[in-house]
1. With the cut-off at 1.5 for a/c, could you classify region 22-227 from its C-alpha gyration tensor as rounded, prolate or oblate?
2. For LYS152, which lysines qualify as cross-link partners when the Cα separation must be under 30 Å and same-chain residues fewer than eight apart are set aside?
3. For THR293 and ASN10, what is the calculated FRET efficiency with R₀ set at 41 Å and r taken between the beta-carbons, to the nearest 0.05?
4. Can you tally the net charge around GLY114? Count Lys and Arg as +1, Asp and Glu as -1, for every other residue whose Cβ sits under 13 Å from the Cβ of GLY114.
5. According to a simple spin-label model (label point 7 Å from Cα along Cα-to-Cβ), what is the distance in nm between SER399 and ASN251?
6. Quick one: accessible area per residue over region 284-416, 1.4 Å probe, rounded to a whole number of Å²?
7. What residues of region 267-289 lie in the reach of a label at ASN316, counting those whose backbone N is under 16 Å from a point 7 Å from the Cα along Cα→Cβ?
8. Can you give the alpha-carbon Rg of region 1-76 over 2.2 N^0.38 Å, where N counts its residues?
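The values are calculated or read from the model by the stated rules, or taken from the named source; none is laboratory data. Being a predicted model, the structure only gives us computed values, none of them experimental. All Cβ positions, glycine included, derive from the backbone under ideal geometry; neighbour counts span all protein chains shown. For accessibility, only protein heavy atoms count, side chains too; no ligands or nucleic acids. Shrake-Rupley method; radii C 1.70, N 1.55, O 1.52, S 1.80 Å.
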Amino acid sequence: MDKFIINGGNPISGSVDISGAKNAVLPLMTAALLVDGETTINSVPDLRDTRTMIRLLKIIGAEVAFKNNSLAINASGVNNLEAPYDLVKTMRASFYVLGPLLARFGEVRVSLPGGCAWGPRPVDYHLKGLEKLGATISLESGYIMAKAKYLKGNKISFDFPSVGATGNILMASVLARGETRIENAAKEPEIVQLCEVLNKMGANIIGIGTDKITVHGVDKLHSVDIDVIPDRVEAGTYLIAGATMGDITLNNCNPKHLEDVIDKLKLSGANISSTENSLSIEKIELVEAVDVTTEVYPGFPTDLQAQWMAFMSIANGKSTIIDTVYHDRFTHIPELNRLGADIQLKDNKAIVNGVKKLTGAQVMSTDIRASAALILGAIMAEGKTEISRVYHIDRGYDSIEKKFQSLGADIKRINQ
Ligand code: EPU
């Protein structure tokens, strides 16, 4: 298993290219299953999760070629309407095959995702939504079976604007008969891109980027070429690195997707400038403590909560960090405390007492974003940090050690 060895304290400088967004590309890859033909996706990040999705699409019977960050997915030969447990348990986003396969083939069998490292993460909204569209859902030996001769539009109102459920229902309803209205829909940029791509394929979706989306079903979709939007979570992670360790520029990012994060960074003392597709940040001399509460988009993203905590751990004063999206997503706290942070947890609220410095230690990754927080903690810390289980970070960050090395950080991957 790979580990990262990081000697902290090196200043960083220079520029880094942001990759395509993990959480945008995964649903786009399953949207390709809606088309009897080839879909080309460019700016695809080379991640463990994109590789897992490629394996899944091949098992389902699609032809997939991945070269130079471009994917060609031909779903003409799909012949196995099943997502097996072995893949779904390693990547919950496998559940995104449910909507498109049901819509195009009238049936699908998908392993029920188990628990997640930080909590239950149910899929009830996906299933209730598909039932509203006329599907019969049953559970057999840990697998969700969904069947429908044809899907029929209906009104679906989510209790919470779930990204995954909005994506699955969108991909199911584009080929349904009649009109589907999704209320309390997710508005994340990744969902906006999914809607835009589906429309490019010939779907008829209106209200994109709002919480009320209407889909007029069509008979068939066609092949398209797509460029994945930049990863706002990767960009936010590097912004925090710059705020603490040196002046850097992020290329190929979309500052509009990071407005709340940029506002919070400015409150902490950061000097940030931007163009349409780049961001520059200067190192802050004295980081001010800034409270954050995660919210659905356009609020502060839960996917940057752990990284913000690493940042606040060396701030001047006390801050609180509340996660309203995932109440249990705090496995990084004991690991950051091993680096010398002073963080306590009360329900879904972390209280961070800023310390003067962090000190290197052996720590363990527990999920994608927790690992990113540990890398940030380690590059800020004095001395050597060893991070184990880095396969978590490989799921969501393209070439993270190479990108940090190019900025001047002392980080290397070892295989043990
Ligand atoms: N929820 C339910 N029932 C459902 C679906 C969701 O109760 O059927 C709840 C969840 O438990 C959670 C909330 O609704 O409390 C929001 O979950 P959501 O469905 O929006 O999350 P997701 O689609 O499973 C995606 C991202 C996550 C990101 C969340 C929130 C992908 C592949 N994953 O997950 O990304 O944290 O949205 O923005 O897009 C990550 O990249 O590290 C990651 C975990």
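1. Judged from the Cα gyration tensor, region 22-227 comes out rounded (a/c under 1.5).
2. Those lysines meeting the cut-off are LYS58, LYS128, LYS132, LYS187, LYS200, LYS212, LYS220.
3. Values: r = 32 Å, r/R0 = 0.79.
Efficiency for this residue pair is about 0.80.
4. Working: positive: LYS89, ARG92, ARG121; negative: ASP86.
Value of the local net charge: +2.
5. My value for the distance between the label points is 1.1 nm.
6. Working: 5150 Å² over 133 residues.
That works out to 39 Å² for each residue.
7. 267-271, 283-289
8. On the way: Rg = 16.1 Å, N = 76, 2.2 N^0.38 = 11.4 Å.
The value comes to 1.41.
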